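**Q** One structure follows; several queries about it will come next.
The values are calculated or read from the model by the stated rules, or taken from the named source; none is laboratory data. Remember, it's a predicted structure, so these values are computed and weren't measured experimentally. Cβ coordinates were reconstructed from backbone atoms using ideal geometry, including for glycine residues, and neighbour counts include every protein chain displayed. Surface accessibility is based on the protein's heavy atoms, side chains included, excluding ligands, DNA and RNA. Shrake-Rupley method; radii C 1.70, N 1.55, O 1.52, S 1.80 Å.
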Amino acid sequence: MLELKNIRKIFNPGTVNEQQLYDDFNLTIPEGQFVSVIGSNGSGKTSMLNVICGSIDIDSGSVVINEKNITKMKDFMRHKRMGRVYQDPAKGTCPSMNIIENLSIAENKGKPYNLRRCVNKSRIDHYRELLKGLNLGLEDKMHIPVGSLSGGQRQALALIMATMTPIDFLILDEHTAALDPKTAEIIMELTDKIVREKKITTIMVTHNLRYAVEYGDRILMMHQGNIILDKEGQEKAETTIDDILGIFNEISIECGN
């Protein structure tokens, strides 16, 4: 279980650009839940992911995982049990290495490398079968540098790499935003399949309202560092895109847009 308790965060304190994003922000996510997070730009969605991953420090409050306070834990230590897929497909893979080398590095996450070969040749057939299930033709391009693949192929590979080792949390930071509609659908179907099969607690930030409504067990909407909508179970199942758009329109009117 993930708990964000009484989080407070001020950017650029003491300057003319001072901005308070969170003031007593709280969120609890049970183990195995798939949460979709939506909200306008600047609402605090990605910053929340960064707080969880340890990419930004908080001024007060705590981050607790399975009753263990990890607030002071460095980001690279947290990442041993977390997988993160970014909006930019280039961030989750090494472009100069081929697919086999990328998968091998991902599979050895958290293990000491020492002075030995990175690639275990006995695992190549396993990698091929893993890629074949994507239906993207990657199993025939295993010796090609990842930098020459399409954005969708790289994002699919990044998703596979992020979940190759046992993890407690999968963090998806608008991971379909840079893809064309057809490829985005493939990546979302793959995401849902992996999350369900591996029962990974997942937090997905997205601007695609249909994905937020159709996928996941719970939907959150954020605005100005607060959660203004939180639906799960049957309530979430009954939530429509029009419902979400209605809330966005209300916010827009309140903000004078």
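**Q** Put ARG84, ARG210 in order of accessible area, largest first, 1.4 Å probe: what do you get?
**A** Working: ARG84 40, ARG210 80 Å².
The most accessible residue leads, giving ARG210, ARG84.
**Q** Mind listing the phi-derived Karplus ³J(HN,Hα) values for region 237-252, rounded to whole Hz, using 6.51, -1.76 and 1.60 with θ = phi - 60°, and x for any glycine or proline?
**A** Coupling constants for region 237-252: 4, 8, 6, 10, 4, 4, 4, 5, 4, x, 5, 4, 5, 4, 5, 4 Hz.
**Q** Per residue, how many Å² of accessible area does the chain show with a 1.4 Å probe?
**A** Working: 13220 Å² over 257 residues.
That works out to 51 Å² for each residue.
**Q** Compute the helix-to-body angle for 181-198: its Cα long axis versus the longest principal axis of the chain, expressed 0 to 90° and rounded to tens.
**A** Once rounded, the angle reads 90 degrees.
**Q** Also, quick follow-up: Cα-Cα over 18 Å: which of LYS72/LYS109; LYS121/LYS141; LYS80/LYS109; LYS141/LYS193?
**A** Those over the limit are LYS72/LYS109; LYS141/LYS193.
**Q** Please list PHE76, PHE169 from largest to smallest accessible area, probe radius 1.4 Å, with all protein chains kept in place. Mind dumping the intermediate values first?
**A** Details: PHE76 130, PHE169 5 Å².
Descending accessible area places them as PHE76, PHE169.
**Q** Okay, moving on. State which stretch of the chain is the longest one without any exposed GluC sites (Glu not before Pro), exposure meaning a DSSP loop state and at most 15 other Cβ atoms within 10 Å.
**A** The answer is 68-237.
**Q** Would you list SER47, SER96, SER36 from the most to the least accessible area, probe 1.4 Å?
**A** Listed by decreasing accessible area, they come as SER96, SER47, SER36.
**Q** Does region 189-257 come out rounded, prolate or oblate by the C-alpha gyration tensor, with a ≥ b ≥ c the root eigenvalues, rounded set by a/c under 1.5 and, if not, prolate when a/b is larger than b/c and oblate if not?
**A** Prolate.
**Q** Just from its helices, what would the mean residue ellipticity at 222 nm be for the chain, if runs of 4 or more DSSP H residues each count -39500 (n - 2.57) and the sum is divided by every residue, rounded to the nearest 500 deg cm²/dmol?
**A** It comes out at -9500 deg cm²/dmol, rounded to the nearest 500.
**Q** Take ASP57 and LYS199, extend 7 Å from each Cα along the Cα→Cβ direction, and tell me the distance between the two endpoints in nm.
**A** 3.8 nm
**Q** Any idea how far apart CYS94 and HIS207 come out in nm if each label point goes 7 Å out from Cα toward Cβ?
**A** Rounded to a tenth, the inter-label distance reads 3.2 nm.
**Q** Heads up, I need the accessible area for ARG123: 1.4 angstrom probe, whole protein in place, Å², nearest 10.
**A** Here the accessible area works out near 70 Å².
**Q** Roughly speaking, to the nearest percent, how much of the chain's 1.4 Å accessible area is carbon and sulfur?
**A** Reported share for carbon and sulfur atoms: 48 percent.
**Q** So between GLU3 and LYS74, what do we pick up on full extension, going 0.36 nm a residue minus the alpha carbon distance?
**A** Extra length available between GLU3 and LYS74 comes to 23.8 nm.
**Q** Below 8 Å, C-alpha to C-alpha, sequence gap of six or more: please give me the relative contact order for region 1-156 in percent.
**A** Numbers: 188 pairs, mean separation 30.6, N = 156.
In percent, rounded to a whole number, it is 20.
**Q** How much length would be gained if the chain were fully extended between ASP242 and ASP24, taking 0.36 nm per residue of separation minus their Cα-Cα distance, in nm to one decimal? List each step's numbers first, then the result.
**A** Values: separation 218, 0.36 × 218 = 78.48 nm, distance 3.01 nm.
Here the answer is 75.5 nm.
**Q** Starting from 0.36 nm per residue, how many nanometres of slack lie between LEU229 and GLU139 once their C-alpha separation is accounted for?
**A** 28.2 nm
**Q** Over region 146-238, calculate the relative contact order: mean separation of alpha carbon pairs under 8 Å at least 6 apart, over the residue count, as a percent.
**A** RCO, region 146-238: 23 percent.
**Q** From the phi angles alone, apply the Karplus equation (6.51, -1.76, 1.60; θ = phi - 60°) to region 47-57 and give each ³J(HN,Hα) in whole Hz, x where the residue is Gly or Pro.
**A** Result, ordered by residue: 4, 4, 4, 5, 5, 4, 7, x, 6, 10, 7 Hz.
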